[in-house]
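Have a look at the structure below, then the notes.
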Amino acid sequence: MRFIFIALFFAINVNAQILKKVFKYSTLYTAYTQTNSIQPPKTFYVTQDSRLIETTRRNPADEIRTIGFRKLAFFGYEDKERFYDGSEQNNSINSNIGNVKGLEYLFEYQKGRQQGREFENKQYFIRYLAKWWIAKGEINENQLIDLNYKSADIRLRIPISKKLSISLGGIYRTYEKAYGHNPIQKYLEQNNWWELSYLYGHYDVPYEWNSFTNNETGIEYFWFNSEGEILSYSDLDYRNNIYGNLVNKFNRDQLSLIGGFADISAVAGLDFYHYRKSFWLHIYGNILPKHKLVEGDSRYSYGNFIGNDDWIDYSLGGSFGLRITKRFGLFAELTNQRWWDRELKTIKVGVNIKLWQRTLA
């Protein structure tokens with residue numbers, strides 16, 4: 001019995017030490033952000049009996065609700081004092097290596113609205129960095145750019161020096177979209193544009209118009225929905241303001257019928273990190289030059305869309321800072337990821353000039 005209690009105590013103690021190591025320096029955070037959205041100029045419609053109707057489409061305020069849990073080591077040039085609100089772009093996620101060895105992770109969920117468009121973003125990231133190898137898993141769903149994938153990445157890491165390392169390995173990616181394919185394009189090659197409207201319950205009613213200026217006449221169309229409510233007063237107005245939503249819905253419906261895909265890709269990475277308070281340079285990049293489809297309908301694969309399996313996906317980035325004097329400095333940051341036909345890019349370039357600095361006694 002004494003042996004059982006000793007073994008139980010030892011197991012609890014070991015598990016406690018493991019949990020402490022896993023969660024040490026981690027942070028749980030939530031945030032709510034709201035900003036004014038861009039409002040378009042006022043627009044109006046004039047009826048046949050000269051009544052003026054405002055048709056301005058007003059966007060509600062932009063907002064983001066965020067909840068997250070993270071353990072990411074900051075690089076020397078990154079701000080360590082800010083509270084987390086979900087808008088941070090920590091380079092530890094984008095680069096292949098972190099500022100420390102061991103386990104790092106990020107689990108973040110966002111729901112919000114941008115220019116009247118509702119969206120949900122999810123990013124779940126976990127990585128273990130050792131001296132000679134790197135393992136990483138990621139789930140990334142970004143509805144703002146319609147990018148959604150899951151990946152598992154394992155590589156051999158080759159340190160060239162304390163500042164430079166390269167990595168070679170493979171990455172397994174799954175995704176639900178037939179990237180590159182556009183179902184509406186094929187549909188319009190075989191059908192008239194208005195036939196798509198009939199599929200979604202819209203119908204048109206012709207009417208004759210007369211121009212008293214030059215005595216011209218013609219035929220136009222009212223457009224109604226399935227409930228008989230008027231949608232527009234002409235084909236042009238209908239295509240400009242209504243038809244685009246049907247095109248998007250048609251593409252979503254057709255793409256959802258295709259199913260998901262999975263690729264195995266070769267991947268090579270490079271990381272360089274130098275930091276001093278007066279100068280820092282952090283460069284990182286990945287290239288995926290060769291791919292093999294292992295799951296999904298090959299007729300709708302991205303490789304079939306572009307004609308071969310040798311397309312190049314990549315992600316790269318860098319951060320540069322130079323403090324020329326105590327009051328003057330330059331900085332630049334870049335991230336650019338292109339997977340399939342989706343691209344995510346940020347660029348920052350700037351100058352900091354401190355015009356007056358307080359001297360503490």
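Just so it is clear, none of the values below were taken in a lab; they were calculated from the coordinates. Predicted model, so just to flag it, every value in this text is computed and none were measured. With ideal geometry, Cβ positions are generated from the backbone for all residues, glycine too; neighbour counts draw on all protein chains shown.
Observations, loosely collected:
- Region 160-175 - phi-based ³J(HN,Hα) in whole Hz, Karplus 6.51/-1.76/1.60, Gly and Pro as x: 7, 7, 5, 9, 10, 8, 10, 9, 9, x, x, 9, 9, 10, 10, 7
- Kirkwood-based shape ratio for region 183-256, expressed as Rg/Rh from alpha carbons: 1.07
- In region 293-361 the Cα-Cα distances spread across 10 Å bins starting at 0 as 16, 27, 19, 15, 11, 8, 3, 0 percent of all pairs.
- Considering only V22, T35, S315, the residue lying farthest towards the positive end of the dipole of the chain is V22, judged by Cα position with unit charges set on Cβ.
- Excluding the site residues themselves, the longest part of the chain lacking any GluC sites (Glu not before Pro) in a DSSP loop with at most 10 other Cβ atoms within 10 Å is 82-226.
- For region 111-182, trypsin sites (Lys or Arg not before Pro) meeting the loop criterion (DSSP other than H, G, I, E, B) and having at most 12 other Cβ atoms within 10 Å: K131, K162.
- Helices of the chain meeting both criteria, an alpha-carbon length of 24 angstrom or more along the long axis and an average Kyte-Doolittle score not below 1.0, with helices taken as full DSSP H segments, are 2-23.
- Take the Cα of A135, step 7 Å toward its Cβ, do the same at I347, and the gap between the two points is 3.9 nm.
- Gain upon complete extension [L144, N225; 0.36 nm per residue less C-alpha separation]: 26.3 nm
- Each Lys and Arg Cβ is given +1 and each Asp and Glu Cβ -1; about its Cα centre, the chain then shows a dipole of about 3420 debye.
- Of H202, H282, the sequence from fewest to most neighbouring Cβ atoms within 10 angstrom is H202, H282.
- Spread over its residues, the convex hull of the C-alpha atoms of the chain is 286 Å³ per residue.
- For A268, the amide hydrogen comes within under 5 Å of the amide hydrogens of I287, counting only partners 5 or more places away or on other chains and with H modelled in the peptide plane.
- Gain on full stretching of the segment that runs from Q114 to E195 - 0.36 nm per residue minus C-alpha separation: 26.0 nm
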